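Undergrad: Pasting a structure here, questions to come.
The values are calculated or read from the model by the stated rules, or taken from the named source; none is laboratory data. These numbers were taken from a predicted model, which means no experiment stands behind them. Cβ sites come from the backbone with ideal geometry, for glycine too, and all protein chains shown count toward neighbours.
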Amino acid sequence: MKAPPSATSLPTTRRRLLVGSAAAAAAFGIPLATSANDTPAASRQAANRTSTLPRERRTMSTFTTKDGTQIYYKDWGSGPVVSFSHGWPLNSDAWESQMFHLASNGFRCIAHDRRGHGRSSQPWNGNNMDTYADDLEELFTSLDVKNVTMIGHSTGGGEVARYIGRHGSRRVARVVLMGAVPPIMVKTAAYPGGLPMDVFDGFRKSYLADRSQFFLEIASGPFFGFNRPGAKVSQGMIQAWWAQGMMTGHKNAYDCIKAFSETDFTEDLKKIDVPTLIIHGDDDQIVPIAASALLSAKLVRGSVLKIYPGGSHALGDTDRAKLNADLLAFVTSTQTARS
């Protein structure tokens with residue numbers, strides 16, 4: 001039997017335990033037991049110090065929608081507002097590199113976890129583009145933001161388009177669609193170049209069979225282009241993508257496959273009346289460029305199409321420096337909000 005800690009080692013062990021407990025409590029938001037020093041006077045002093053902190057540090061970064069869904073969001077920096085809408089099955093963490101870059105250059109960056117994704121709650125209903133767009137409008141209203149540059153990736157690009165289709169551009173100054181799903185992913189009579197329904201039925205089958213493995217295979221291969229000859233594979237990116245995917249609600253992510261693949265954004269794109277930048281990699285294996293960006297650029301009046309040669313679906317990671325520079329140049333452009 002292992003001997004108990006000696007009298008000399010016990011204080012160190014206890015200190016480590018206390019430090020570990022404090023770290024865990026901080027990470028999960030668990031209040032620690034009140035100490036002898038936590039007197040009413042000390043509590044008042046702490047409250048006074050808290051009242052001087054910036055608002056974003058004093059409030060929970062969540063709001064509740066009209067149907068009772070709690071939406072988590074990040075609100076970084078100050079200045080002109082830039083919003084970020086993430087792809088499936090990710091969350092706002094996917095945008096952190098771009099948010100850090102723009103917030104460090106004088107912009108207020110807001111990114112939410114779509115309902116059912118990340119740290120937002122997981123409602124059984126409402127996992128469709130109309131509701132995603134309405135949630136975003138409620139967020140903008142609650143924060144009272146205007147002249148927003150809306151940036152959307154993949155499914156998030158559809159969310160941005162549907163937002164303007166349903167709510168107009170009164171709050172919007174500019175739009176960026178990156179690797180975005182519009183006008184529609186699935187093959188239809190109007191869009192014969194789309195992907196066959198069998199592809200998305202296969203998604204659903206693989207998802208239900210073993211969603212953890214399914215997510216791992218997407219991240220290890222086509223999403224970042226790591227299945228291409230000579231690709232420099234990052235296990236960190238793979239694990240981060242998988243971890244974000246596993247945070248989604250099971251039904252929410254399942255329903256979202258239909259939302260991102262079968263929603264027709266044609267009329268939404270025609271309603272975009274602000275400067276729009278469309279960015280797409282020509283080696284995007286998730287949302288092929290021919291059936292997406294090349295068509296969207298024709299539907300959005302006055303839009304600018306920027307193609308990344310050899311670019312994957314994950315430009316925010318695989319082409320981070322170039323994308324960050326392009327986004328900063330676009331949001332600082334002097335082009336008027338409505339041309």
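Undergrad: Could you pull out every one of the helices (runs of 4 or more DSSP H) wholly within the stretch 57-175 that has 1 or more residues that are surrounded by 24 or more Cβ atoms within 10 Å (Cβ to Cβ) and of a type in the set (Val, Ile, Thr)?
TA: 155-167
Undergrad: Now for a different question. Quick check on my filter: what residues within the stretch 182-227 are aromatic (Phe, Trp, Tyr) and within 16 Å of Trp241 (Cβ to Cβ)?
TA: Phe203, Tyr207, Phe214, Phe215, Phe223, Phe224, Phe226
Undergrad: Here's a follow-up. Do we find that Ala189 is surrounded by fewer than 24 Cβ atoms within 10 Å (Cβ to Cβ) and without any contact (Cβ under 8 Å) to a residue 60 or more places away in the chain in this structure?
TA: It is true that Ala189 is surrounded by fewer than 24 Cβ atoms within 10 Å (Cβ to Cβ) and without any contact (Cβ under 8 Å) to a residue 60 or more places away in the chain.
Undergrad: Being surrounded by fewer than 17 Cβ atoms within 10 Å (Cβ to Cβ) and in contact (Cβ under 8 Å) with a residue 12 or more places away in the chain narrows it down to one residue among Lys270, Lys298; which is it?
TA: Lys270
Undergrad: Would you kindly identify the helices (runs of 4 or more DSSP H) lying entirely within the stretch 207-313 that contain at least 2 residues that are at pLDDT 95 or above, among the hydrophobic types (A, V, I, L, M, F, W, C) and on the phi > 0 side of the Ramachandran plot?
TA: none
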